[in-house]
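The structure appears right after this line, and notes come after that.
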Amino acid sequence: MPDVTNEISHLILGIDHVGIAVPDLQESLTFYQGTLGLHCYHTEVNEEQGVEEAMLRFSDGKSEIQLLAPLGPDTTIGKFLAKQGPGIQQMALNVTDVAEVSQILQSRGIRMLYPEPRTGTAGSLVNFAHPRDCGGVLIEFVQHR
């Protein structure tokens, strides 16, 4: 097998966050902030993706989780909760160029959920690799601006 790691490995910087689907954002914030002591540094409603979300940071200042609550039952997170229940919905990787990562992955037969990157949390650019092509894991690629 040819070594193609250099073609993409320099574009992937590390784990950005783990996304957790929750039915009620405020209730979940009470647990993650009050019980575990995480710091919520950003909340927003993303109408395009149908979620209300919160970004929480651990005391190391680097590790983060994202809480995702559906805006309705027919949204991606609403459907996820109905089928799977609350829990880990995706793993997000921090990348330098989400469009280039998407192009490389598509050339390797990985289906991306969007033809072009979309706006994610705090104005970032995002795209997702299909879980059926990634060992059952929905992988989000995040390019911060």
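Here, each number is a calculation from the coordinates, and none is a lab measurement. Keep in mind the model is a prediction, meaning the values are calculated, not measured. Backbone-built Cβ (ideal geometry, glycine too); neighbour counts: all protein chains shown.
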- Kindly write out, for the range 124-135 in residue order, the coupling ³J(HN,Hα) from the Karplus curve 6.51 cos²θ - 1.76 cosθ + 1.60 (θ = phi - 60°), rounded to whole Hz, with x marking Gly and Pro. 5, 9, 9, 8, 10, 8, 4, x, 5, 9, 10, x
- Item | Amide hydrogen neighbours beyond the local backbone of Leu38, cut-off 5 Å, H modeled | Gln33
- Message: Strictly greater than 22 Å: what percent of every Cα pair in the range 1-120 meets that?
- Response: 43
- Scan around Gln89 for amide H atoms under 5 Å from its own, H built in the peptide plane at 1.01 Å from N, and keep only partners 5 or more places away or cross-chain. Gly19, Ile20, Ala21
- Query: Kirkwood hydrodynamic radius for the range 95-145: how many Å is it when counted over pairs of different Cα atoms?
  - Reply: 10.8
- Task: Rank the residues His10, His42 as a footprinting-exposure proxy: fewest other Cβ atoms within 10 Å of their Cβ go first.
- Result: His10, His42
- Item | Label-zone membership for the range 120-145, site Ala99, 7 angstrom Cα→C-beta point, backbone N under 14 Å | 125-127, 143
- For each of Leu113, Leu36, count neighbouring Cβ atoms within 10 Å of the residue's Cβ, then give the residues from fewest to most. Leu36, Leu113
- Note on the structure: Computed about the Cα centre, the charge dipole of the range 5-143 from +1 Lys/Arg and -1 Asp/Glu charges at the Cβ has a magnitude in debye, to the nearest 20, of 400
- In terms of the Cα gyration tensor, with a ≥ b ≥ c the square roots of its eigenvalues, is the range 51-102 rounded because a/c is under 1.5, prolate because a/b exceeds b/c, or oblate? oblate
- Where is the GNM fluctuation largest for the chain (alpha-carbon springs, 10 angstrom cutoff): Phe80, Phe31, Phe128? Phe31
- Task: Please report Glu100, Glu116 as a ranked list, fewest other C-beta atoms within 10 angstrom at the top and most at the bottom.
- Result: Glu116, Glu100
